[in-house]
Structure formats: C-alpha cells, structure tokens
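Participant: Can you read through this structure? Questions will come right after.
The values are calculated or read from the model by the stated rules, or taken from the named source; none is laboratory data. Everything numeric here is computed off the predicted structure, so don't read it as measured data. Note that we place each Cβ from the backbone using ideal geometry, even for glycine, and neighbour counts take in every protein chain shown. Keep in mind that these areas ignore ligands, DNA and RNA; they rest on the heavy atoms of the full protein, side chains included. Shrake-Rupley method; radii C 1.70, N 1.55, O 1.52, S 1.80 Å.
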Amino acid sequence: MKFEAPSASERIFNRAFGLLIGLGLGLRHNYLLQVRGRTTGRVYSTPVNVLEFNGKRWLVAGRGRTQWVRNAEVAGEVLLRKGWRTRRCRVRPVPDSEKPEVLSAYLDRFKLTVQRYFPVRAGSAPSAFAELAGRYPVFELLERS
C-alpha cells in the first residue's frame, strides 16, 4: 500500500496548523490526532479531518498507510484533541468492501484539501472508489466505554 510523504512545506504547515488546533482553533471537523508510537511509545500528533457520515465518525488516511495509521492499528485507539477537550476513541479498521461510500463522502466534504490524493474527482459515485479502497485506510471512531 502506497504512502505519499508530505513535502517540507506541508510538514511546516501541518505543524503550525496542529498547534492552532491544539489551542482550540480550527473548524468543527479539525482535530489533533494523538497516537502512541508502536516501537518508541512516544506520543505523535498530526492534524486530521474527522468525517461525520451516516451517524458515525470516520478517520480517512488520504495519504495512504502513514505512520499514524500503523500506530493506530497497533494501539487500537487514538486521542482526538482540540483545545482543552480530549476524546479517547477506539478505532475499528474498515474492510475495503465498506470503504467506497465513506471515501466518496470524505472527498466530497473535504475536496479543497484532499482532492490531490485521489485519482477520482469529488462528486464521483461511491462505485468509483471500489477499486481504490485498498489504497486508503479508513477507521470508524468508537467512543471508549
């Protein structure tokens, strides 16, 4: 599975944007995802868009199988932070067969920032994502009980 590394300017922007989200700024769907490293145990942070779709919350890795994805798979949970509010969520990896509708909704909702990672255009039918589903890790966010 391919991973698209961010450019130097994207890394700087992500760091600055993550700082703002950590201070409580950003749009309703912007969160600072925090996850424990699978080998170091260190907590890593990255800004993410959380999709609310069909009454559920979803995380989509538009860049592919990134480090945060691998860490979340091992940890089984992530923290979503915005300002002083922190939510601990379990993550359920979504099988490829369930991804097309979520990927389509994600691209439609966040097209300005994520279109460049998808070979299909925003507004495409979910069926257009069926063959691409394996490229994009998707997690359902479940509240910790």
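Participant: Using θ = phi - 60° and the Karplus form 6.51 cos²θ - 1.76 cosθ + 1.60, what ³J(HN,Hα) does each residue of the range 84-91 get, whole Hz, x for Gly and Pro?
Facilitator: 8, 8, 10, 10, 9, 10, 6, 10
Participant: Here is a further query. In degrees between 0 and 90, to the nearest 10, how far off the longest principal axis of the chain does helix 99-114 point, with axes built from Cα atoms?
Facilitator: Approximately 70 degrees, to the nearest ten.
Participant: Same structure again: So how do Arg36, Arg65 rank on accessible area, 1.4 Å probe, biggest first, that is with the largest at the start?
Facilitator: Arg36, Arg65
Participant: Another question, then. Give the accessible surface of the chain per residue, rounded to a whole number of Å², with probe radius 1.4 Å and ligands, DNA and RNA excluded.
Facilitator: 58 Å²
Participant: Sticking with this one: Could you tell me which residue out of Leu141, Pro119, Ala8 lies farthest along the dipole of the chain toward its positive end? Charges go on the beta carbon: Lys and Arg +1, Asp and Glu -1, centred on the Cα centre.
Facilitator: Ala8
Participant: Rounding to the nearest 20 debye, state how big the charge dipole of the range 3-94 is about its Cα centre with +1 on each Lys and Arg Cβ and -1 on each Asp and Glu Cβ.
Facilitator: In total the dipole reaches around 320 debye.
Participant: Ok, one more. Determine the shape class of the chain: with a ≥ b ≥ c the square roots of the Cα gyration tensor eigenvalues, call it rounded for a/c under 1.5, and otherwise prolate if a/b is greater than b/c, oblate otherwise.
Facilitator: Working: a/c = 1.44, a/b = 1.31, b/c = 1.09.
Because its axes are fairly even, with a/c under 1.5, the chain counts as rounded.
Participant: Still on this model: Just to confirm the number: angle between the C-alpha axis of helix 8-22 and the first principal axis of the chain, 0 to 90 degrees, nearest 10?
Facilitator: That helix lies at roughly 60 degrees to the long axis.
Participant: Would you calculate, for the chain, the mean residue ellipticity at 222 nm contributed by helices, counting each DSSP H stretch of 4 or more residues as -39,500 (n - 2.57) and dividing by all residues, to the nearest 500?
Facilitator: Calculated mean residue ellipticity at 222 nm is -9000 deg cm²/dmol.
Participant: Pop out the ³J(HN,Hα) list for the range 52-65 in order, Karplus 6.51 cos²θ - 1.76 cosθ + 1.60 with θ = phi - 60°, rounded to Hz; leave Gly and Pro as x.
Facilitator: Values per residue, Gly and Pro as x: 9, 8, 6, x, 10, 10, 10, 10, 10, 9, x, 7, x, 7 Hz.
Participant: On to the next question. What is the magnitude of the charge dipole of the range 57-127 about its Cα centre, with +1 placed on the Cβ of each Lys and Arg, -1 on the Cβ of each Asp and Glu, and no other charges, expressed in debye to the nearest 20?
Facilitator: That gives a dipole near 440 debye.
Participant: Shifting gears a bit: Which order do the peptides 52-59, 27-34 come out in when sorted by mean C-beta neighbours inside 10 angstrom, highest first?
Facilitator: The most tightly packed comes first, giving 27-34, 52-59.
Participant: In the range 1-90, carbon and sulfur make up what percent of the accessible area (probe 1.4 Å)?
Facilitator: Carbon and sulfur atoms account for 54 percent of the accessible area of the range 1-90.
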